[in-house]
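Inspection log for the structure reproduced underneath, given as structure tokens.
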Amino acid sequence: MPWWFFRRRSRPAASQTAPAIASGWLPGEVALPLLHGSRRYLQEQPYLLPKDLGEVNRLDFQHYILRAVLRGNYLAPIQQPRRILDVGCGTGQWAFELAQQFPQAQVVGLDLEQVKAATSPPPNYHFVQGDILQGLPFDDNSFDFVHQRLLFLAIPQAAWPDAVQELARVTAPGGWVELVESSPAPQDLTPSGPATQEFCRLGGALAALRGLDTEGTVLRSLAHYLEKAGLANVHYHPFDVPLGKWGGRLGSLMAMNLHEAWKAISAPTAARFSRSEQEILQLIEQASQEWNKYRTQLHFAVAYGQQPFTR
């Protein structure tokens with residue numbers, strides 16, 4: 001089946017029209033500068049992290065860590081999906097691997113930008129530019145498996161119920177939606193020391209300006225969002241990943257990942273709160289040292305649900 005099957009038809013039925021999702025965030029109101037030093041940020045999106053080569057490398061690194069933690073790329077009991085969608089696909093690595101695992105399936109990765117141009121992507125993979133906050137550019141019932149991961153710094157908290165409803169809309173009867181999320185809230189990095197708590201406070205204040213979740217509400221509401229969207233057989237799996245050498249190889253890798261993610265927002269955090277970037281970077285270094293001392297863990301959750309066969 002050709003990739004263009006997934007494009008919304010030029011005149012969709014009324015039930016297939018996907019209006020923009022109310023997010024509670026006004027573009028440009030607290031936009032980050034396009035460039036902060038060597039880092040590039042999106043100005044007209046609530047997304048807090050940069051979109052550049054450094055972030056590409058971190059996202060791929062993060063993907064391999066999560067795949068090791070979960071012992072696979074997904075938890076939903078999918079069988080032989082014919083159509084797979086990855087919303088907020090980032091570098092496309094997750095989608096590439098699903099395309100290789102299910103060569104009979106058509107796999108679509110959707111994101112604001114194509115941040116990594118693959119020299120030889122799987123032949124059954126295609127990238128579509130789009131924004132979940134503007135509605136997905138696909139017809140109802142288009143996919144057998146819809147996946148979305150770590151968009152808590154991209155989707156404003158007020159927009160989450162409608163965003164998950166949109167994921168459910170494009171999921172075919174019998175298909176599955178899977179969400180994987182974490183949280184920037186201090187209570188989701190436990191136990192934690194004073195430097196960790198201070199950076200979480202500053203980063204949370206920056207996120208709050210963009211309407212993003214700062215209390216871990218999204219992390220704990222994933223199953224509720226799926227149920228509210230009409231999905232059945234909903235399962236919720238919280239899990240913790242250690243940060244630091246005390247947690248072995250995965251703990252060391254996840255600590256490196258979080259350290260780089262925090263550094264990625266150090267410049268806008270410093271600028272917003274009238275701190276020097278060096279001061280913020282020192283705070284991040286102090287926090288990373290605390291993770292071993294306090295045996296800090298970072299909370300995550302996976303939730304998935306099935307589109308009923310009749311709706």
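The values are calculated or read from the model by the stated rules, or taken from the named source; none is laboratory data. Not measured: the values here are computed from a predicted model. Please note: Cβ atoms are built from the backbone with ideal geometry, for glycine as well, and neighbour counts cover all protein chains shown.
Values as computed for the structure displayed
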item	result
Tally of residues being more than 16 Å from the chain's Cα centre (by Cα) and either surrounded by fewer than 22 Cβ atoms within 10 Å (Cβ to Cβ) or in a loop (DSSP other than H, G, I, E, B) (or both) across segment 137-157	6
Qualifying positions in segment 166-203 - surrounded by fewer than 18 Cβ atoms within 10 Å (Cβ to Cβ) and out of contact with any Leu (no Cβ under 7 Å at 6 or more places or on another chain)	173, 174, 187, 190, 191, 193, 194, 197, 201
Check on residue 196, assigned to a loop (DSSP other than H, G, I, E, B) and within 19 Å of residue 183 (Cβ to Cβ)	no
Residue tally, condition among the aromatic types (Phe, Trp, Tyr) and within 12 Å of residue 269 (Cβ to Cβ), over segment 190-228	1
Meets criteria (under 29 Å from residue 41 (Cα atoms), within 21 Å of the chain's Cα centre (by Cα) and either surrounded by fewer than 18 Cβ atoms within 10 Å (Cβ to Cβ) or basic (Lys, Arg) (or both)) for residue 209	yes
Within segment 225-273, tally of residues that are among the aromatic types (Phe, Trp, Tyr), at pLDDT 95 or above and surrounded by fewer than 19 Cβ atoms within 10 Å (Cβ to Cβ)	3
Subset of segment 126-136 that is assigned to a loop (DSSP other than H, G, I, E, B) and either touching a helix residue (DSSP H, G or I) at 6+ places or on another chain (Cβ under 9 Å) or among the β-branched types (Val, Ile, Thr) (or both) - its residue that is surrounded by the fewest Cβ atoms within 10 Å (Cβ to Cβ)	135
Residue identified as modelled with pLDDT of 90 or more and not aromatic (Phe, Trp, Tyr) among 34, 42, 53, 98	98
Boolean, residue 219 is under 26 Å from residue 47 (Cβ atoms) and of a type in the set (A, V, I, L, M, F, W, C)	yes
Count of segment 274-311 residues which are closer than 30 Å to residue 176 by Cα and modelled with pLDDT of 95 or more	12
Scan of segment 216-273 for residues that are more than 21 Å from residue 145 (Cα to Cα), out of contact with any helix residue (DSSP H, G or I) (no Cβ under 7 Å at 6 or more places or on another chain) and assigned to a helix (DSSP H, G or I), ordered by number	220, 247, 248, 249, 256, 258, 271
Subset of segment 163-192 (residues that are small (Gly, Ala, Ser) and within 15 Å of the chain's Cα centre (by Cα))	163, 182, 183
Of residues in segment 158-192 being of a type outside the set (Ser, Thr, Tyr) and part of a loop (DSSP other than H, G, I, E, B), the one farthest from residue 66 (Cα to Cα)	170
Failed item, numbered, when residue 278 is tested on (1) among the polar types (S, T, N, Q); (2) over 26 Å from residue 297 (Cβ atoms); (3) not in a helix (DSSP H, G or I)	(3)
Residue 240, sole failed condition from (1) more than 30 Å from residue 306 (Cβ to Cβ); (2) touching a strand residue (DSSP E or B) at 6+ places or on another chain (Cβ under 9 Å); (3) of a type in the set (D, E, K, R)	(1)
In segment 106-125, the residues that are aliphatic (A, V, I, L, M), surrounded by 17 or more Cβ atoms within 10 Å (Cβ to Cβ) and either touching a Phe, Trp or Tyr at 6+ places or on another chain (Cβ under 6 Å) or free of Cβ contacts under 8 Å to residues at least 24 places away in the same chain (or both)	107, 108
Verdict on residue 103 being more than 22 Å from residue 165 (Cα to Cα), surrounded by fewer than 22 Cβ atoms within 10 Å (Cβ to Cβ) and out of contact with any Asp or Glu (no Cβ under 9 Å at 6 or more places or on another chain)	yes
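Conditions tested, residue by residue: (1) of a type in the set (Ser, Thr, Tyr); (2) under 23 Å from residue 159 (Cβ atoms).
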site: 201; (1), (2): no, no
site: 212; (1), (2): no, yes
site: 217; (1), (2): yes, yes
site: 226; (1), (2): no, yes
site: 229; (1), (2): no, yes
site: 244; (1), (2): no, no
site: 249; (1), (2): no, no
site: 253; (1), (2): no, no
site: 287; (1), (2): no, no
